[in-house]
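Participant: First, the structure itself, so that you have it in front of you.
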Amino acid sequence: MQNMVILGATGSIGASTLSVMEANSEQYRVFALVANTNVDKMLEICIKHRPKVAHMVDAKAANQLKLQLPNHLAVEVTTGEDELLSLVSSAEVDTVMAAIVGAAGLPSTLAAVKAGKRVLLANKESLVMSGELFIEAMQASGAQVLPVDSEHNAIFQCLSERNQLEIGRCDLTAAGVSHILLTGSGGPFLTSDLSTLSSMTPKQACKHPNWSMGRKISVDSASMMNKGLEYIEARWLFNASAEQLKVVIHPQSVIHSMVQYRDGSVIAQLGNPDMRTPIAHCMSFPQRINSGVEPLDFFKVGQLSFLEPDFNRFPCLALTIEACKQGQEATTVINAANEIAVQAFLDGKIRFTDIAIINEQSLKNVTADSLTNIDDIIALDSQSRRYAFEAVSKLN
Ligand code: NAD
Ligand code: MG
């Protein structure tokens, strides 16, 4: 029996994780559920899954939850940053699903890594921000990090067993890998007329052709910022160089990514676009469990197609690849600026095309002397947020 904590339990990944756990309840126990403010959803999942602890980051939300939870469930309600960090590090916890959205997920994800837990990593932003420090912490504690993001999970499945055991320090060249082919659907605006992009609404941006996800990652998919963040994520998880990483547009989202070997072989992982597959894979690795996902029907799929990314259409992709070349400072800056810009777009304050403008300006103008620890990273993240806030107000 594995005791699991779900960080971001009320979100899209949280729901998929609970669904896989429910289908395999003889192997997994919901030890703790963590969320920000959504009391109604937290109440619903507490009643259904009966965790030992329910943690709300928002203190008011924690009080409301306490009042609404039936006493007989005996769920302990907690709040507070220190409480959250000790919850994920608790000796009773085996596995942590890191699925808080954005930079807010960094402290708790890193605490799980430092405590040597088995960490199922969905929160790509934490790796984008802390890259090297994250991998170092993982090596120091012996934590096992397994990639939930569907592309990275696919790449992981296409690598040798030896590489799978060396996350963060794989020697891809020695393993005969020539390229990691990171696939992406191109999102809802892949074929829209370029002149219409500036008037696209949040609703249009969130309408992903293949995946159902939270709003922030949906906007990131429309701008392909998501693929840029994933490029950085792949750089760290697989110790890959810029020469080894290639982005391929694959509109059907059936192939979730591929690994190309020196001898001409290409190994791909395929499946229906449903996050329960990579979640189940990470939960049970190296075994396999049922995920509840329909088997892939090749006759329904019919055709698979591939395109080269157009950086004119997707400037955020070009910017993040550039940030990755510049290093950890630049990736922290662009990630923070993007969070502010995406929220401003979702709030109707800026246009879709302004996201890339704000990201570019922040990347150019926000700098730090050096990043030696997590506090430096969080300070730089705040600095970039302040800059992006101002840039948003200037565009208003
Ligand atoms: P979501 O918006 O549906 O859910 C976000 C969760 O994070 C919620 O439970 C919310 O309460 C919690 N949260 C938000 N702010 C918080 C804070 N300040 N402190 C603590 N908790 C907070 O998001 P999602 O789509 O489930 O994505 C979660 C993460 O997984 C993101 O990093 C995303 O990039 C990654 N991811 C998602 C998918 C997907 O299909 N949804 C795929 C790959 C990776
Ligand atoms: Mg992904």
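The values are calculated or read from the model by the stated rules, or taken from the named source; none is laboratory data. Everything quoted here is computed from the prediction, not taken from an experiment. All Cβ positions, even for glycine, are placed from backbone atoms using ideal geometry, and neighbour counts span all protein chains on display. Accessible surface areas use protein heavy atoms only, side chains included; no ligands, DNA or RNA. Shrake-Rupley method; radii C 1.70, N 1.55, O 1.52, S 1.80 Å.
Participant: Determine whether Ser160 is open to solvent by 10 Å² or more (accessible area, probe 1.4 Å), of a type in the set (Gly, Ala, Ser) and under 30 Å from Ser223 (Cα atoms).
Facilitator: no
Participant: Only one residue in His256, His208 is open to solvent by 10 Å² or more (accessible area, probe 1.4 Å), touching a residue at least 12 places away in the same chain (Cβ under 8 Å), within 12 Å of ligand 2 (Cβ to nearest atom) and not in a loop (DSSP other than H, G, I, E, B), so which one is that?
Facilitator: His256
Participant: Can you name the residue in the stretch 181-205 that is surrounded by 20 or more Cβ atoms within 10 Å (Cβ to Cβ) and not in a loop (DSSP other than H, G, I, E, B) and, of all such residues, is farthest from ligand 2 (Cβ to nearest atom)?
Facilitator: Per the criteria, the residue is Ala205.
Participant: Sticking with this one: Out of Thr191, Thr196, Thr201, report the one residue that is over 21 Å from the mean Cα position of the chain (by Cα), among the polar types (S, T, N, Q) and closer than 15 Å to Gln252 by Cα.
Facilitator: Thr191
Participant: Still on this model: Would you confirm whether any residue within the stretch 179-201 is touching a residue at least 24 places away in the same chain (Cβ under 8 Å), farther than 23 Å from Met258 by Cβ and among the small types (Gly, Ala, Ser)?
Facilitator: Yes: one or more hits.
Participant: Hey, another quick one. Of all residues in the stretch 349-396 being within 30 Å of Ser192 (Cβ to Cβ) and in a loop (DSSP other than H, G, I, E, B), which is farthest from the chain's Cα centre (by Cα)?
Facilitator: Asn396
Participant: Considering each of Phe299, Phe311 in turn, give the residue that is without any contact (Cβ under 8 Å) to a residue 12 or more places away in the chain, open to solvent by 20 Å² or more (accessible area, probe 1.4 Å) and in a helix (DSSP H, G or I).
Facilitator: So the residue among Phe299, Phe311 that is without any contact (Cβ under 8 Å) to a residue 12 or more places away in the chain, open to solvent by 20 Å² or more (accessible area, probe 1.4 Å) and in a helix (DSSP H, G or I) is Phe299.
Participant: Looking at Ala323, is it without any contact (Cβ under 8 Å) to a residue 60 or more places away in the chain, closer than 30 Å to Ser370 by Cα and surrounded by 14 or more Cβ atoms within 10 Å (Cβ to Cβ)?
Facilitator: no
Participant: Okay, next question. Could you identify the single residue in Ala115, Ala111, Ala99, Ala103 that is within 21 Å of the chain's Cα centre (by Cα), open to solvent by 10 Å² or more (accessible area, probe 1.4 Å) and at pLDDT below 95?
Facilitator: Every option except Ala103 fails the conditions.
Participant: Applying the selection to the stretch 5-55, what residues are in contact (Cβ under 8 Å) with a residue 60 or more places away in the chain and touching a Lys or Arg at 6+ places or on another chain (Cβ under 7 Å)?
Facilitator: Across the stretch 5-55, the qualifying residues are Ser16, Ser19, Val20, Phe31, Ala32.
Participant: Being farther than 14 Å from Ala98 by Cα, hydrophobic (A, V, I, L, M, F, W, C), open to solvent by 10 Å² or more (accessible area, probe 1.4 Å) and part of a helix (DSSP H, G or I) is the filter here; which residues of the stretch 1-38 pass it?
Facilitator: Ala23
Participant: Select from the stretch 119-165 the residues that are more than 30 Å from Arg262 (Cβ to Cβ), more than 16 Å from ligand 2 (Cβ to nearest atom) and in contact (Cβ under 8 Å) with a residue 40 or more places away in the chain and list them in ascending order.
Facilitator: Met129, Ser130, Leu133
Participant: Another question, then. Can you find a residue that is within 14 Å of ligand 1 (Cβ to nearest atom) and not hydroxyl-bearing (Ser, Thr, Tyr) anywhere in the stretch 155-173?
Facilitator: Yes, the stretch 155-173 contains a residue that is within 14 Å of ligand 1 (Cβ to nearest atom) and not hydroxyl-bearing (Ser, Thr, Tyr).
Participant: For residues that are farther than 16 Å from Leu182 by Cβ and among the aliphatic types (A, V, I, L, M), scanning just the stretch 206-223, find the one that is nearest to ligand 1 (Cβ to nearest atom).
Facilitator: Applying the filter and picking the extreme gives Met213.
Participant: May I pose another question? Quick check on the stretch 168-180. Is at least one of its residues within 16 Å of ligand 2 (Cβ to nearest atom), open to solvent by less than 10 Å² (accessible area, probe 1.4 Å), in contact with a strand residue (DSSP E or B) (Cβ under 8 Å, 6 or more places away or on another chain) and closer than 22 Å to Cys324 by Cα?
Facilitator: yes
Participant: Quickly run through the stretch 277-295 and pick out the residues that are open to solvent by 40 Å² or more (accessible area, probe 1.4 Å) and farther than 28 Å from Gln244 by Cα.
Facilitator: The answer is Gln287, Arg288, Asn290, Gly292, Glu294, Pro295.
Participant: Same structure again: Go through the residues of the stretch 64-78 one by one and say whether even a single one is closer than 30 Å to Glu132 by Cβ and of a type outside the set (Asp, Glu).
Facilitator: The answer is no; no qualifying residue exists.
Participant: Name the single residue that is surrounded by the most Cβ atoms within 10 Å (Cβ to Cβ) among those in the stretch 346-363 being under 13 Å from Phe389 (Cβ atoms) and among the polar types (S, T, N, Q).
Facilitator: Ser362
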